[in-house]
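> Sharing a structure, written as structure tokens. Questions coming.
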Amino acid sequence: MQEIGVDTSTLLLAFGLTLFAGLSTGVGSIVAFFSSDQNHRFLSGALGFSAGVMLYVSMVEIFGKAQDSLAVSVGEPRALHLATLAFFVGIALIAIIDRFIPTMQNPHEVRGIDEIADETEAELKKRRNLLRMGLFSALAIALHNFPEGLATFIATLEDPALGVSIAIAIAIHNVPEGIAVSVPIYHATGSRRKALRLSFLSGLAEPVGAVIGYLLLSPFMNDMVFGLLFAGVAGIMVFISLDELLPTAEHYGEHHITIYGLIAGMVVMALSIVMMA
């Protein structure tokens, strides 16, 4: 069983990419403050694009790399079995995290900008409740971003170019999460600065999750552990795409805009993989 070594520059790149993906929640605040119908359609297409990237790279690239890594330790037939098991364990893990966050505080239960604005407009006298909702949304996002950060980090260690693609996809995915935090906090406090600060802070769970996960696992990192983690990452990304990105994209825009974005994301990811082969 081979030990996997990682150089310092790759570690720094992996951390930088997870930090970039996490802090993109702050972009959601800016989108919320300057939203329009055109922005909604663009966001819908961008989320569909992100889902296409994540679905294609998970099934075509990441799962294959996980199987190859496992094959070094256990051989081909068992590698497929273990990779498949780890893939569905990853799906189960993120589904459990999603399930145990109450619906009202769960940023992945689709709620549009206009819907939140209407609610807060009707409940201006209940600023305390709004602030509580925003703070709980920030906490919920932090919990969700933890495994996403580890996913980006592990992918970058295996293949830096792949890590860049995943980081960009997750960054787009984090935009509506920033909206879920910033809108209620802004309406509760009247402060754009506080809304921006809390939406940025909620995204910091991404690099924190990456660092903690790596520090805990690095003493045991070898082909077997790496392959299992990578297959689990593929499962996590598929769940995020199907449960969060696509429903949110449909909510913000038209069905066909989402689908065109999805296909475009797959095409771009496929071309990048072919050109790097």
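The values are calculated or read from the model by the stated rules, or taken from the named source; none is laboratory data. On a predicted model such as this, the values are computed, not experimentally measured, just so you know. Reconstructed Cβ throughout: ideal geometry from the backbone, glycine too, with neighbour counts over all protein chains shown. Ligands, DNA and RNA are excluded from the accessible area calculation, which covers all protein heavy atoms including side chains. Shrake-Rupley method; radii C 1.70, N 1.55, O 1.52, S 1.80 Å.
> Filter region 224-248 down to residues that are small (Gly, Ala, Ser) and touching a Phe, Trp or Tyr at 6+ places or on another chain (Cβ under 9 Å), then give me how many there are.
4
> Continuing with the same structure: If you go through region 6-15 one residue at a time, do you hit one that is open to solvent by less than 50 Å² (accessible area, probe 1.4 Å), over 25 Å from Leu80 (Cβ atoms), among the aliphatic types (A, V, I, L, M) and modelled with pLDDT of 75 or more?
Within region 6-15, one or more residues are open to solvent by less than 50 Å² (accessible area, probe 1.4 Å), over 25 Å from Leu80 (Cβ atoms), among the aliphatic types (A, V, I, L, M) and modelled with pLDDT of 75 or more.
> Tally time: how many residues in region 172-197 are open to solvent by 10 Å² or more (accessible area, probe 1.4 Å) and within 13 Å of the chain's Cα centre (by Cα)?
3
> Step by step: first the residues of region 22-68, then only those that are aliphatic (A, V, I, L, M) and at pLDDT below 75, then the one that is farthest from Ala167 (Cα to Cα). Which residue is that?
Out of the qualifying residues, it is Ala32.
> Any residue that is open to solvent by 60 Å² or more (accessible area, probe 1.4 Å), among the charged types (D, E, K, R) and at pLDDT 80 or above - is there at least one of those in region 231-252?
Looking for residues that are open to solvent by 60 Å² or more (accessible area, probe 1.4 Å), among the charged types (D, E, K, R) and at pLDDT 80 or above, one finds at least one in region 231-252, hence yes.
> OK, next. State yes or no: is Ile240 within 12 Å of the chain's Cα centre (by Cα) and assigned to a helix (DSSP H, G or I)?
So Ile240 passes the test.
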